[in-house]
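Each remark here refers to the structure printed beneath this line.
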Amino acid sequence: MIELRLTPCHVCYNDGCKTISTVTKGVSTINFQELTKADKPLFDRYFRSNYHENSHFNFTNFYMWREPYNVRWIEKDDILFVLANLDGQPMALQPFGAPERMEEATARLVQHFKETGETLFISDIEESYAEVLRNFPGDIFRLEDDRDNYDYVYESEKLISLAGRKLHSKKNHLNAFRKAHPDAEYVPITKDIVDACLKELDAWYAVRSATLGDDPWIADERRATEEVLRDFDFYQLKGGAIRLDGRVIAFTFGEQLNTDTAVVHVEKADPNIRGAYPAINQGYVSHEWSHLPLINREEDMGLEGLRKAKESYKPVKLIKKYNAWLK
């Protein structure tokens, strides 16, 4: 069990020593716990209480990746703390709660990592919390842009219409798909087609593995995607698929991220069928998200091919993210 001890102590800042107990307000010990499906209502409440643009800040993403990242959490005094670990690197995510409580929450993280003797590393930071760290007493944090983790955000209307010179090639691929496969249909993901989606997932990973070999990250993604599909109703997601000749050749799913944006978690299509990706992309946004102005299609992870693909859809903006360390 991981413990976060909130005891009065001192932290040395660059401009002198200031007591951290002025913001931690007392003495207590809290225990981090594993993330379970029963925690979804609590996480939903915290994520919906503020406007978050980071595609990762939803229960689905945290739960899908709880095992490879060893996600742990605790709610304390109306603040949600989340810790993770990747390849032996302990890290914290930014705390969640009322904006005016973030300095206090940060001080608690500083204290916890000081007591464990680990280096405080905060990952996946969005701009609002980066500003908290920039202004934290003593100027003790070093922030770095995490370009590989920037989210790509698009206008829904443009993903639907594919109008204009910049998206002309996408429109051509979509038109070619429709001409070659006039019987293809868009259908929402329901229990009736989950098995067909899983078959397409198996086929997609077979092609991927043949190209890249055994990649642990790919195996984790596959497990996470299968888990969501097998219990799709629980996550309260919206999903869609392209069905052709009784077979699902593409599928995708996501959810509403904030008041004006939907986030797409997963998108898979048969790479051997020209236009399958534009077809599922356009069909999904058109059928499920036309009422929201923006679509977040997550990050490119620094992969050249994925970056090129995401840039080709001409994002209207990128959501900056940062990493932070104690100086």
Item to check | Candidates 170, 199, filtered to the one that is surrounded by 14 or more Cβ atoms within 10 Å (Cβ to Cβ) and more than 30 Å from residue 125 (Cα to Cα) | outcome: 170
Checklist entry - residue 140 fails exactly one of the following numbered conditions: (1) at pLDDT 95 or above; (2) exposed (fewer than 14 other Cβ atoms within 10 Å of the Cβ); (3) of a type in the set (A, V, I, L, M, F, W, C). What is the number of that condition? => result (2)
Item to check | Complete set of residues in region 114-125 that are touching a residue at least 40 places away in the same chain (Cβ under 8 Å) and surrounded by fewer than 19 Cβ atoms within 10 Å (Cβ to Cβ) | outcome: 114, 115, 119, 121
Checklist outcome for this item: By residue number, the members of region 266-287 that are in contact with a strand residue (DSSP E or B) (Cβ under 8 Å, 6 or more places away or on another chain), crowded, with 22+ Cβ neighbours inside 10 Å and of a type outside the set (Val, Ile, Thr) are 268, 269, 276, 277, 279, 281, 284
Next on the checklist: I'd like to check something: does region 127-138 contain any residue that is in a strand (DSSP E or B) and over 25 Å from residue 50 (Cβ atoms)?
Outcome noted: no
Checklist entry - Are any residues in region 288-327 of a type in the set (Asp, Glu), surrounded by fewer than 22 Cβ atoms within 10 Å (Cβ to Cβ) and touching a Phe, Trp or Tyr at 6+ places or on another chain (Cβ under 9 Å), and if so, which ones? => result 300, 311
Checklist outcome for this item: Of the residues in region 233-263, those that are of a type in the set (S, T, N, Q) and surrounded by fewer than 19 Cβ atoms within 10 Å (Cβ to Cβ) come to 236, 256, 259
Checklist entry - Do we find that residue 311 is more than 20 Å from residue 201 (Cα to Cα), in contact with a strand residue (DSSP E or B) (Cβ under 6 Å, 6 or more places away or on another chain) and touching a residue at least 24 places away in the same chain (Cβ under 8 Å) in this structure? => result no
Checklist entry - Could you say whether any residue in region 200-211 is within 21 Å of the chain's Cα centre (by Cα) and among the charged types (D, E, K, R)? => result no
Checklist outcome for this item: Residue hits (region 97-126; of a type outside the set (D, E, K, R) and in a helix (DSSP H, G or I)) are 99, 102, 105, 106, 107, 109, 110, 111, 112, 113, 116
Item to check | Enumeration of residues in region 108-125 that are charged (D, E, K, R) and either out of contact with any strand residue (DSSP E or B) (no Cβ under 7 Å at 6 or more places or on another chain) or at positive phi (or both) | outcome: 124
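This table checks each residue for (1) more than 19 Å from the chain's Cα centre (by Cα); (2) modelled with pLDDT of 95 or more; (3) outside the structural domain of residue 159 (by TED's automatic domain parsing).
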| position | (1), (2), (3) |
| --- | --- |
| 238 | no, yes, no |
| 249 | yes, yes, no |
| 255 | no, yes, no |
| 259 | no, yes, no |
| 280 | yes, yes, no |
| 285 | no, yes, no |
| 291 | yes, yes, no |
| 321 | no, yes, yes |
Next on the checklist: Just the residues that are in contact with a helix residue (DSSP H, G or I) (Cβ under 8 Å, 6 or more places away or on another chain) and in a helix (DSSP H, G or I), please, taken from region 172-202.
Outcome noted: 173, 174, 177, 178, 191, 194, 197, 198, 201
Checklist entry - Limited to region 149-167, what total is found for residues that are within 15 Å of residue 285 (Cβ to Cβ) and surrounded by fewer than 18 Cβ atoms within 10 Å (Cβ to Cβ)? => result 4
Item to check | strands (runs of 3 or more DSSP E) wholly inside region 203-314 that include at least 1 residues being over 15 Å from residue 154 (Cβ atoms) | outcome: 238-244, 247-256, 261-269
Checklist entry - Has region 217-232 got at least one residue that is outside the structural domain of residue 45 (by TED's automatic domain parsing), surrounded by fewer than 12 Cβ atoms within 10 Å (Cβ to Cβ) and within 23 Å of residue 310 (Cβ to Cβ)? => result yes
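The values are calculated or read from the model by the stated rules, or taken from the named source; none is laboratory data. This structure is a prediction, so every number in the text was calculated from the model and none was measured. Reconstructed Cβ throughout: ideal geometry from the backbone, glycine too, with neighbour counts over all protein chains shown.
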